[in-house]
């Protein structure tokens with residue numbers, strides 16, 4: 001999840017930076033300039049620490065070297081630094097051959113012209129585009145253009161529920177519609193316990209939830225030309241529905257308005273909250289002392305109760321993509337490395353280790369990803385997830401609308417009315433920042 005948190009921290013500076021870089025690109029430093037048998041790779045910090053990532057990845061890189069004769073010089077870059085490092089590389093022309101990017105950055109980085117486009121020819125070099133889940137490829141660049149990267153690790157949202165709290169409230173199954181979720185939440189929300197958790201201070205999570213609800217209300221937040229449409233009827237309805245879980249339905253604790261990353265998961269693990277909407281939470285619950293039999297996972301509710309496309313979308317497509325700098329002196333070697341990392345065998349191994357879902361279809365079929373919770377995530381990615389808007393100023397959208405939703409949470413927690421007019425006013429303010 002930290003890759004998505006990082007994306008929401010980027011503001012207007014990204015849009016300015018990518019416009020300024022034009023058709024830059026990274027002439028590699030310290031890597032393939034030294035030898036065509038050498039690549040440099042900036043990996044994102046996916047594990048509990050940078051050292052853990054090095055231990056996970058180093059044996060795989062040695063395996064690649066043995067197979068191809070190409071040595072990979074690895075640097076694991078913290079998420080707090082990764083985007084700035086990439087932008088500096090596109091400006092200076094000094095960057096790696098291969099790198100990981102958060103999938104919500106894809107269109108923004110694509111606009112720099114620094115990344116290798118994955119056209120049909122390049123996809124064929126790694127086994128073909130049809131090896132990958134369509135929704136994952138859709139999150140790798142602007143629609144209508146060759147993707148700027150290749151999917152590497154995928155994540156999606158699910159509804160996690162506390163089985164004991166459900167049983168105590170006489171709830172027999174997880175809700176499939178929002179009306180059912182509210183009804184379940186009201187049964188549980190008493191005596192210091194609450195039906196649903198949220199993280200009002202977490203801008204990224206605010207965006208993810210309201211984007212999905214926006215899809216269900218027929219709102220994309222941008223028009224076909226990439227212009228912000230934050231005040232559309234569908235966008236207003238989506239944001240109001242989310243805030244109303246606290247303001248109107250009273251199934252979210254007022255204190256959640258200030259919650260930051262993972263605080264809602266802590267309440268869930270302690271039995272204070274019965275449901276959370278989250279990505280791949282199993283490892284977090286285990287770290288909090290929960291056993292697998294203590295909780296369950298189900299698809300995020302949709303209006304009809306049956307997830308799908310259009311107004312039945314129930315998750316954004318989350319994950320990590322793998323890109324190649326266009327100015328690499330070893331493009332062929334870089335493509336071989338991408339092919340290796342997205343091979344069926346490596347996809348199974350790496351995604352199992354990191355607790356993510358392979359964006360490669362054949363790897364997803366492995367029994368390792370057949371656990372009930374992972375099956376929910378896998379099915380969601382395959383059938384009912386949609387990518388966040390692939391526009392150059394997507395990260396500014398995350399900050400602007402995420403902040404508007406945060407302010408509305410504060411209103412709800414303080415008992416101030418949350419109306420269509422007040423929601424539209426905050427979204428209008430967010431939209432104005434996109435035009436500055």
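The values are calculated or read from the model by the stated rules, or taken from the named source; none is laboratory data. From a predicted model like this one, the values you see are computed outputs, not experimental measurements. Cβ atoms come from the backbone with ideal geometry, glycine included; neighbour counts cover every protein chain shown.
Below, the figures for the structure above:
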{"quantity": "Among the residues listed as 277, 265, 203, 213, the single one being under 21 Å from the mean Cα position of the chain (by Cα), crowded, with 18+ Cβ neighbours inside 10 Å and modelled with pLDDT under 90", "calculated": "203"}
{"quantity": "Breaking point among (1) outside the structural domain of residue 71 (by TED's automatic domain parsing); (2) within 30 Å of residue 431 (Cβ to Cβ), for residue 275", "calculated": "(2)"}
{"quantity": "Candidates 104, 112, 58, filtered to the one that is surrounded by fewer than 21 Cβ atoms within 10 Å (Cβ to Cβ) and either out of contact with any helix residue (DSSP H, G or I) (no Cβ under 9 Å at 6 or more places or on another chain) or touching a residue at least 12 places away in the same chain (Cβ under 8 Å) (or both)", "calculated": "58"}
{"quantity": "Helices (runs of 4 or more DSSP H) enclosed by the stretch 92-170 - at least 3 residues per element that are within 24 Å of the chain's Cα centre (by Cα)", "calculated": "106-110, 134-138"}
{"quantity": "Residue that is touching a helix residue (DSSP H, G or I) at 6+ places or on another chain (Cβ under 8 Å) and without any contact (Cβ under 8 Å) to a residue 12 or more places away in the chain, where the choices are 199, 145, 172", "calculated": "172"}
{"quantity": "Test: residue in the stretch 373-387 that is farther than 25 Å from residue 207 by Cβ and free of Cβ contacts under 8 Å to residues at least 40 places away in the same chain", "calculated": "yes"}
{"quantity": "In the stretch 269-325, the residues that are farther than 30 Å from residue 43 by Cβ and in a helix (DSSP H, G or I)", "calculated": "293, 294, 310, 311, 312"}
{"quantity": "Residue in the stretch 171-195 that is surrounded by the fewest Cβ atoms within 10 Å (Cβ to Cβ), counting only those that are in a helix (DSSP H, G or I) and within 28 Å of the chain's Cα centre (by Cα)", "calculated": "179"}
{"quantity": "Breaking point among (1) in the same structural domain as residue 98 (by TED's automatic domain parsing); (2) touching a residue at least 12 places away in the same chain (Cβ under 8 Å); (3) surrounded by fewer than 20 Cβ atoms within 10 Å (Cβ to Cβ), for residue 429", "calculated": "(1)"}
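Condition check ((1) crowded, with 23+ Cβ neighbours inside 10 Å; (2) more than 15 Å from the chain's Cα centre (by Cα)) across all residues:
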| residue | (1), (2) |
| --- | --- |
| 374 | no, yes |
| 380 | yes, no |
| 390 | yes, no |
| 397 | yes, no |
| 400 | yes, yes |
| 404 | yes, yes |
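Every residue, every condition in (1) in contact with a strand residue (DSSP E or B) (Cβ under 9 Å, 6 or more places away or on another chain); (2) modelled with pLDDT of 95 or more, yes or no:
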{"position": "99", "(1), (2)": "yes, yes"}
{"position": "120", "(1), (2)": "no, yes"}
{"position": "138", "(1), (2)": "yes, no"}
{"position": "147", "(1), (2)": "yes, yes"}
{"position": "156", "(1), (2)": "yes, no"}
{"position": "165", "(1), (2)": "yes, yes"}
{"position": "169", "(1), (2)": "yes, yes"}
{"position": "174", "(1), (2)": "yes, yes"}
{"position": "180", "(1), (2)": "no, yes"}
